[in-house]
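**Q** Quick one: the structure is below, questions incoming.
The values are calculated or read from the model by the stated rules, or taken from the named source; none is laboratory data. Everything numeric in this text was worked out from a predicted model, so none of it was measured. Backbone-built Cβ (ideal geometry, glycine too); neighbour counts: all protein chains shown.
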Amino acid sequence: MKKIKILLALIFASNIGFAQVTHTGPVLINGANDNDGKADLAVSVGSGGSATIALSGDQFRVGSTDVNWSMWMGANGVIQTYNQDLTFYASGGSSASQAIKFFTRHNGVAGQRLTLSSNGFLGIGTTAPNSDLEVVGTSGTGNSRNFKVTYAYGGGLTGTELSGLVHETSLVGGNGWTALLARKGSAFRAAVFDGHTDILNGHLTIDAGTNPIIYTGKDGTVSARYLYLIHSPSSGIASGLKAGGVLISDAYSYASPGKNDLVVKGSVSIGTPNIDPNSVINANGTIRSKKVKVEATDWPDYVFEPNFQLRPLHELESYIKVNKHLPEVPSAQEVEKDGLDLGQMDATLLKKIEELTLYTIEQEKKIHAQESENTALKELVKNLAERIEKLEKK
């Protein structure tokens, strides 16, 4: 057993004396028992003789009962308990505000690494946390992390990593600082960049190899969800969208538009919020185009067939007097209510032009016949005039 030198201060009424005492074996105070035979100094605070506080070489133990120490600290700095919870408690008065602080020493320099503030905020790398969890990291190189959470409990998610403020050199472009990173192994699933690199300049890049996806829901319920592009949280103004090929459809298999192509499965509304389900395009305004191609059927070439019955002009005149428009042509009220079918209207107008052509041809024939009759009458009148002239000379 080690020798322990104890300096005892003896206070007397008339003088103070000092004595040096050399003792071999354990020192037991207040009736403490060294039942396990390990203590160099044992102090019993309560009754019963079991050592409440004990020193054994480079170990310190509290609450000992026999050989089962409730708490002890070894030379390696490890604090352990035996069948007990380890509780850290900062006590004080009713107005006290006390924190729990953890220090470590790295490369000879001590520092406060972990702080639990008096109001319950936990800080890592900061001595004054201002939120439930605040992590303050230092700049790093290589593949450094400000914080990192890794799943390691089996299944398909094993090795999945969620990291924050990452300096990941394996990102595309090399020096890639990010604010948030999720990956599994070498496959990056999501990365939100900090906007201060020369590589991505704050742009969001989604690269899943073939078809990147943005989900607006996580269940199988189909509901009216929209993906908004907003200029800023304070303005609420919508931003523009530039894209190559765009498909608007409830089924992605509907079409595969190429670059510069737009495919819409439903109706398109331009300049109006109203959508007519019976119309593919609803526009409120002027449409300018160099060329419009309308597909039409039943083109009125049949007007020139020999069996086509052309309406007599006197019947046409009667119809116009009653209806104030040509037959088969919609009235002004109908056009104002239902609009105009360009393909059908072009066919109708062409039919009227063809009918007018037939009327013109018939009139031309009549005029030609009348001219022939007039020529014959003129010749007859001429002959009669010559005969009358001869008779008058006799």
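**Q** If I filter the stretch 174-196 for residues that are assigned to a loop (DSSP other than H, G, I, E, B), acidic (Asp, Glu) and either modelled with pLDDT of 85 or more or out of contact with any strand residue (DSSP E or B) (no Cβ under 9 Å at 6 or more places or on another chain) (or both), do I get at least one hit?
**A** no
**Q** I'm checking my understanding of the structure. Among residues of the stretch 228-268 that are of a type outside the set (Val, Ile, Thr) and assigned to a strand (DSSP E or B), which one is farthest from residue 278 (Cα to Cα)?
**A** Kept after step one, since they are of a type outside the set (Val, Ile, Thr), are these residues of the stretch 228-268: 228-229, 231-236, 238-245, 247, 249-262, 265-267.
Applying the additional criterion that residues be assigned to a strand (DSSP E or B) yields 238, 247, 262.
Working: 238: 29, 247: 20, 262: 20 Å.
Only one residue fits best here, namely 238.
**Q** A follow-up question, please. Of the conditions (1) farther than 23 Å from residue 287 by Cα; (2) in contact with a Lys or Arg (Cβ under 8 Å, 6 or more places away or on another chain), residue 248 fails just one. Which one is it?
**A** All conditions are met except number (1).
**Q** Output the residue which, of all residues in the stretch 251-270 that are at pLDDT 90 or above and of a type in the set (A, V, I, L, M), is nearest to residue 287 (Cα to Cα).
**A** Here the residue is 270.
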